[in-house]
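So the structure is just underneath, and the comments pick up after that.
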Amino acid sequence: MSFQGLGLSEDVVHGAQSMGFLDPTPIQLRAFPVVISGRDLIGSAQTGTGKTAAFALPILTLLKKHSGTRCLVLEPTRELAMQVETAFRDYGRFSDLEVALIYGGVGYGAQREAIKRGADILVATPGRLLDFVSQGVLSLSGIQILVLDEVDRMLDMGFLPDVRRIVELTPKERQTLLFSATVPDEIDRLASWALREPEKISIGMRHSAAETVTHAFYPVANDQKFDLLQALLVKTDFDSVLIFCRTKDGADRIASQLKHARHSVAVLHSNRTQHERVEALEGFKNGRYEVMVATDIAARGIDIAGVSHVVNYDVPQHPEDYVHRIGRTGRAQNVGDAFTLVTAEDLPHIKAIEHFISQKVPRLKLEDFTYKWSTIFDEGMAEAAVRAARKIRVAGGTRNRR
């Protein structure tokens, strides 16, 4: 089915098609009629399913013409806000609707001017938005459509009190759309308070890894983790690799070591300046950097096409973060691979991950890597492992990417 005949305006259909989108995804097919009808919506879907277009295209259709600020989209991070704002601009390129981006870490001037011009759609992070409200620069009294996006990430980052404040500043007679990969009790309570008889859409299993991703655990002694990472990069035919670390210091350290090994590396975490974060993302997207080392700031929602491999250098402490991390590859029906380096102290976390996804994750050993003994191998992992050569993609033999 094409985008024609789904209730979208001709300008919006033209915008989507000009971006190369020919067929709507399942969440789009189900969300379009709900949003266009004006009903509230709770949407949950696996990563890479086209969620942003599921709300952006019908919102652009509803707003029709430039007429002042009527839509607010809340995002948990600057990167997600920038990505969603770009999507609105791209999809609405054949309309006169205006979009403004509101986020912290940069000056107020340009954002203040965009607010004064009456942008139809505000895409914002909670903190900077409340700054403008407290300064008297911005009123939310004209908001007709409120989008709460990546709400589980907002919960993780402690933003729900700010989100509640923002919701209270908008009119009660509004349309509210809530999107979250998972809907734990606290988010369910927020939804019951903020939404009115919402339609619920769930695409795919929320507690599962994407079917397009092949993923495995690589047991290793703690002091060999970086050596194994290097060996995996040397033996793997990758296009681009996203490496997740638990801490900002850890991400900086691993990035420095990889640079010393002559990899082109970008770093993404919350201590980087806004300019550095934009430069890292853009450089990784356009191929200037073959590797990006990041904290979980890059785990949810950020859409980077062509990531062929994800490496969890540190095992995530929350099982749902495992699903989000490895979901950065295998997007839009492409295939991808995810490697997770596990040490003895990670055992409780990997058992929690397997319980969460209801799946036993293969334990692999890399061929020709000299392993030290570790208690991790006493768990029967080594005996059950198969050789990694069956799983990692090698281009005509070993491809050295140094």
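The values are calculated or read from the model by the stated rules, or taken from the named source; none is laboratory data. This is a predicted model, so every value here is computed, not measured. Glycine also receives a Cβ, built like all others from the backbone with ideal geometry; neighbour counts cover every protein chain displayed.
Of the residues making up the stretch 70-115, those that are buried (at least 19 other Cβ atoms within 10 Å of the Cβ) and hydroxyl-bearing (S, T, Y) are T77, Y91, S95, Y103. Within the stretch 19-41, being under 19 Å from the mean Cα position of the chain (by Cα) and surrounded by 22 or more Cβ atoms within 10 Å (Cβ to Cβ) holds for I27, Q28. Pick out the one residue from K116, K65 that is under 22 Å from H14 (Cα atoms) and of a type in the set (K, R). That would be K65, the only listed residue that is under 22 Å from H14 (Cα atoms) and of a type in the set (K, R). Scanning the stretch 26-42 for residues that are at pLDDT below 95 and either more than 16 Å from F179 (Cα to Cα) or in contact with a His (Cβ under 7 Å, 6 or more places away or on another chain) (or both) gives no hits. Of K259, K225, all but one fail to be in a helix (DSSP H, G or I), in the same structural domain as K372 (by TED's automatic domain parsing), modelled with pLDDT of 85 or more and surrounded by fewer than 16 Cβ atoms within 10 Å (Cβ to Cβ); the exception is K259.
Could you go through the stretch 89-104 and let me know if any residue there is modelled with pLDDT under 95, within 14 Å of A124 (Cα to Cα) and out of contact with any Asp or Glu (no Cβ under 6 Å at 6 or more places or on another chain). Scanning the stretch 89-104 turns up at least one residue that is modelled with pLDDT under 95, within 14 Å of A124 (Cα to Cα) and out of contact with any Asp or Glu (no Cβ under 6 Å at 6 or more places or on another chain). Could you run through the stretch 182-198 and say how many residues are charged (D, E, K, R), farther than 11 Å from L160 by Cβ and without any contact (Cβ under 8 Å) to a residue 40 or more places away in the chain? Selection size over the stretch 182-198: 2.
From the residues in the stretch 242-256 that are touching a Phe, Trp or Tyr at 6+ places or on another chain (Cβ under 9 Å) and β-branched (V, I, T), which one is surrounded by the most Cβ atoms within 10 Å (Cβ to Cβ)? Ranking the qualifying residues of the stretch 242-256, first place goes to I243.
In this structure, is A124 at pLDDT 95 or above, of a type in the set (G, A, S) and either touching a helix residue (DSSP H, G or I) at 6+ places or on another chain (Cβ under 9 Å) or farther than 30 Å from F356 by Cα (or both)? In short, yes.
Scoring A114 on the criteria (1) in contact with a Gly (Cβ under 9 Å, 6 or more places away or on another chain); (2) modelled with pLDDT under 95 leaves a single failure, condition (1). Annotation: of all residues in the stretch 348-377 being farther than 24 Å from T182 by Cβ and of a type in the set (A, V, I, L, M, F, W, C), the one that is farthest from the chain's Cα centre (by Cα) is W373. The requirement of being touching a helix residue (DSSP H, G or I) at 6+ places or on another chain (Cβ under 7 Å), β-branched (V, I, T) and either over 30 Å from I145 (Cα atoms) or assigned by TED's automatic domain parsing to the domain that holds P362 (or both) is satisfied by T212.
Among the residues of the stretch 262-285, those identified as over 18 Å from the mean Cα position of the chain (by Cα), farther than 23 Å from L228 by Cβ and loosely packed, with under 14 Cβ neighbours inside 10 Å are N271, T273, H275.
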